[in-house]
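Taking it in order: structure first as structure tokens, then the write-up.
The values are calculated or read from the model by the stated rules, or taken from the named source; none is laboratory data. No experiment lies behind these values; they were computed from the predicted model shown. Glycine gets a Cβ as well: all are built from the backbone with ideal geometry, and neighbour counts include every protein chain shown.
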């Protein structure tokens, strides 16, 4: 295992380097690569190592770039996944994507903080089997990080059975851990906003478990801390909006730029600040005369005053291209309104229409293989845009590839289904469609679209009364030629 927490820097070609105390830039602002350690060197060390289980944790800016060139190491013998050390292979955990900076608070990294907390308390043992594997540890830390900084996207990349390498052991039947997990589950459902009734119930639980008030209070403080960070940042953003309205009621270009910058610094998504903007009667519609955004600027929402009641904001222009003449207006409107369940069903109907089938039927493998490319891209583009990258076929495809591009059976398939929320945490059963959250704050990344019925290789199952094979992703191997 190798853990690195520090500064990640990229050269002009996007290659990742790990900064040292002597790393510097030339007068033109370019990195002097001879003063930093190239990620490729570390990849070479890993490839040459005789260790059959390698775990690399990178807590630095742009750390996701490390996995861009990660390749499987050749193996001369079969994998023994039942070995007491966990599955053989390689796993790389990163605190950010290839294009993101990581987030620090009070001198310590959020990602590292929750990696340590998950190991220290045993809370990262998601299936309560007394063992913490790489994927469990990462998933715990990822959820906690995004509770505090929603735009951060920690990633995990694995080769072979790297997901299941055993990292640590966790206590079982420990009252403190039992209470922590129960409290964590309640807090996740309410984003840290516990009701008075829940607090009464939780008080009864920690007393029942034999915990002291001091211990229970400490656990509660630790569990709710990332949520409090989020709400504090949202309050900060709301105060800034109100202050701006006081001294600049017209919301000039400068004021909009300032608020965009603050939103990025606070790591808040568009949907996070939407309620604040609505309360302050400020919407996301750009003014008629908006400046042209420079190519070098990050993508960010443009804030503008709400139009008068008699004036409707200009409609959002979407590319609704279709090879089959299908109207995707309703799908766009449902997604824009964040009616995820309605949009899921509308996706199913429009995809059936594209292949000439009727409601109640499903898509066959050959039909999926020949599905019109323009229509598939239109559907995916709408999902990705209006969910801010949380839902969509391309989002599912990336996760599917990270899980080894599995078929519709086997451990890799189960791992994929657990990650997107289609199976329960121990992969013992599929989650009924009626139990889906249909909520950006509660649904796992890639959970939707799901309703699409696909028949691949004759394998199928029934969930919630509908025939399926893991949504459209069950046939990604048939669509690998399409660029999503």
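In the set (1) in contact with a helix residue (DSSP H, G or I) (Cβ under 6 Å, 6 or more places away or on another chain); (2) at positive phi, residue 251 fails one condition alone, (1). Could you look through region 372-395, keep only residues that are surrounded by 20 or more Cβ atoms within 10 Å (Cβ to Cβ) and farther than 18 Å from residue 330 by Cβ, and pick out the one that is farthest from the chain's Cα centre (by Cα)? The residue in question is 393.
Quick check on residue 187: is it buried (at least 19 other Cβ atoms within 10 Å of the Cβ) and either in contact (Cβ under 8 Å) with a residue 40 or more places away in the chain or in a loop (DSSP other than H, G, I, E, B) (or both)?
On the way: buried (at least 19 other Cβ atoms within 10 Å of the Cβ): yes; either in contact (Cβ under 8 Å) with a residue 40 or more places away in the chain or in a loop (DSSP other than H, G, I, E, B) (or both): yes.
It is true that residue 187 is buried (at least 19 other Cβ atoms within 10 Å of the Cβ) and either in contact (Cβ under 8 Å) with a residue 40 or more places away in the chain or in a loop (DSSP other than H, G, I, E, B) (or both).
Kindly evaluate residue 414 against the criterion of being modelled with pLDDT under 85 and in a helix (DSSP H, G or I). Yes, satisfied. Report yes if residue 65 is outside any strand (DSSP E or B), buried (at least 18 other Cβ atoms within 10 Å of the Cβ) and either at pLDDT 80 or above or not assigned by TED's automatic domain parsing to the domain that holds residue 183 (or both), otherwise no. Criteria met by residue 65. Listed by first and then second residue, the pairs with beta-carbon distance under 8 Å, at least 6 apart or on different chains, first residue in region 39-61 and outside the structural domain of residue 139 (by TED's automatic domain parsing) and surrounded by fewer than 11 Cβ atoms within 10 Å (Cβ to Cβ), second part of a strand (DSSP E or B) and at pLDDT 80 or above, form an empty list. Flag set for residue 398, criterion: under 30 Å from residue 274 (Cα atoms), surrounded by fewer than 16 Cβ atoms within 10 Å (Cβ to Cβ) and outside the structural domain of residue 131 (by TED's automatic domain parsing). When residue 239 is tested against (1) in a helix (DSSP H, G or I); (2) touching a residue at least 12 places away in the same chain (Cβ under 8 Å); (3) more than 20 Å from the chain's Cα centre (by Cα), just one condition goes unmet, and that condition is (2). Across region 156-176, the qualifying residues are those that are at negative phi and at pLDDT below 80, and the one among them that is surrounded by the most Cβ atoms within 10 Å (Cβ to Cβ) is 158. Among all residues of region 210-229, there is none that is within 30 Å of the chain's Cα centre (by Cα), more than 25 Å from residue 120 (Cβ to Cβ) and touching a residue at least 24 places away in the same chain (Cβ under 8 Å).
Might you let me know whether region 144-155 holds any residue that is over 15 Å from the mean Cα position of the chain (by Cα), surrounded by fewer than 23 Cβ atoms within 10 Å (Cβ to Cβ) and at pLDDT 80 or above? No, the conditions are met nowhere in region 144-155. Within region 104-134, the set of residues being crowded, with 23+ Cβ neighbours inside 10 Å and assigned to a helix (DSSP H, G or I) comprises 110, 111, 114, 115, 118, 134.
Which of the residues that make up region 402-411 are under 21 Å from residue 137 (Cβ atoms) and at pLDDT below 80? Before you say what the answer is, go through the steps one by one.
We begin by selecting, within region 402-411, every residue under 21 Å from residue 137 (Cβ atoms); these are 402-404, 411.
The answer is 404, 411.
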